[in-house]
Amino acid sequence: KISVIEVPTDDPASAAVVNEPVLFPDGGNPGNSGELRPTEGCHDITVLPRKDMAAGACMGDGVMMDISDPVEPVVTETVRDENFAFWHSATFSNTAKSVIFTDELGGGGAATCNEEIGPKRGADAIYSLKGGKKNPRLDFASYFKIDRHQADTENCVAHNGSLIPVMGKDYFVQSWYQGGVSVIDFNDPENPREIGYFDRGPLSEEELQLGGSWSAYYYNGHVYSSDIQQGFDVLKLDDRRLKRAEKVTYDEFNPQSQPKYRPGR
């Protein structure tokens, strides 16, 4: 189950849980004795308010929800992937025609960005989103994983990120722990590609150490990345394809809610 919390904007201190709906009455994905985690809740839920839709990454399942009544969310589509070990997060495209789900294989502490693990595990899975909020359909389009193989001493897997607000286009900035920060073009959901990155290299050449970019978010002209061991990075994107994003100014930023935006706000 999940918790729905009502927060009065004029009195946030009186916030309260108003519902705890069970999204998987059948128990969800039971997992297996290997790497697949069972569905025990949702790690991340991202809402698209203008469409009354939400996408949930729920450990063993990916789901779409109708949130026309936010207190009573309704699961409208469920997907599973044999290559996913842990459905970690979900992000809608700018056009709301696709959804990126991430697989945190190894829980963030393992070296998975290498030839042995391959390009389909510990990766992003991009799904085309068809139909309306009452009857959405998620159709698998492709995987994306950084092809910059990392050392076996570097923990690396798909992790937190956000859209870059280029009107009518789909660009995503994402952290990969010691794989660094990646900028992804997924305008063609079947052929995503990396168009830029920031990577410090391994913390150690001798042993696996936990580190790297835990989250990377775009906000008002810059990418802000929190590095587990080396602090806070502010990155400037210098790419003509992303210039229009600089005209968008947010008053606030919440990566779990994707507002409608336009140049100037």
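Bear in mind these aren't lab numbers, they're just calculated from the coordinates by the rules spelled out. Keep in mind it's a predicted model, so treat the numbers as computed, not measured. Methodologically, a virtual Cβ is constructed for each residue, glycine included, from the backbone with ideal geometry; neighbour enumeration extends over all protein chains shown.
Observations on the structure shown:
- Each principal axis of the Cα atoms in segment 181-265 has its own extent, and those three values, largest first, are 48, 31, 24 angstrom.
- Cα gyration tensor, segment 19-107 - rounded (a/c under 1.5), prolate or oblate: oblate
- Gaussian network model of the chain, Cα within-10 Å springs - most flexible of Asp188, Asp227, Asp11: Asp11
- Treating r as the C-beta distance of Glu35 and Asp152 and R0 as 22 Å, the FRET efficiency rounds to 0.80.
- Net charge over other residues, Cβ less than 12 angstrom from the Cβ of Gly132 (K, R count +1; D, E count -1): +2
- Cβ-to-Cβ counts within 10 Å put Thr76, Thr39, Thr112 in ascending order as Thr76, Thr39, Thr112, the fewest first.
- Antiparallel content of DSSP bridges confined to the chain, in %, to 5: 95 percent
- The charge dipole of segment 1-110, taken about the Cα centre with unit charges on the Cβ atoms of Lys, Arg (+1) and Asp, Glu (-1), comes to about 260 debye, rounded to the nearest 20.
- In segment 3-156, Cα pairs under 8 Å separated by at least six residues give a relative contact order of 16 percent.
- Correct option for Cα extents along the principal axes in Å [calculated from the coordinates] among (i) 46, 45, 35; (ii) 51, 50, 40; (iii) 56, 37, 33: (ii)
- Using the Cβ-Cβ distance between Lys97 and Ala13 with R0 set to 41 Å, the FRET efficiency from 1/(1 + (r/R0)^6) comes to roughly 0.55.
- Contact order relative to length of segment 157-248, as percent, for alpha carbon pairs under 8 angstrom and 6 or more apart: 26 percent
- Packing-based exposure ordering (other Cβ within 10 Å, fewest first) of Leu210, Leu138: Leu210, Leu138
- Inter-probe distance in nm under a simple model that places probes 7 Å from Cα toward Cβ, at Asn83 and Val4: 3.5 nm
- At R0 = 22 Å, FRET efficiency that the Cβ-Cβ distance of Phe232 and Ser204 yields, to 0.05: 0.55
- Members of Lys169/Lys260; Lys130/Lys169; Lys51/Lys120 lying beyond 24 Å, as alpha-carbon distances in this model show: Lys51/Lys120
- Taking all Cα pairs closer than 8 Å and separated by 6 or more residues, the relative contact order of the chain comes to 12 percent.
- Spatial separation of Cα centroids for segment 114-158 and segment 225-247, in angstrom: 22 Å
- The residues neighbouring Lys51, those whose beta-carbon lies less than 12 Å from its own, together hold a net charge of +3 under the Lys/Arg +1, Asp/Glu -1 convention.
- Fewest-first sequence of His88, His159, His222 by Cβ atoms within 10 Å of each Cβ: His222, His159, His88
- Simple rule: put +1 on each Lys or Arg Cβ and -1 on each Asp or Glu Cβ in the chain, find the dipole, and look at Ala125, Val157, Pro38; the Cα lying farthest toward the positive end is Ala125.
- The GNM of the chain, with springs linking C-alpha atoms under 10 angstrom apart, assigns the highest mean-square fluctuation among Ala216, Ala16, Ala141 to Ala16.
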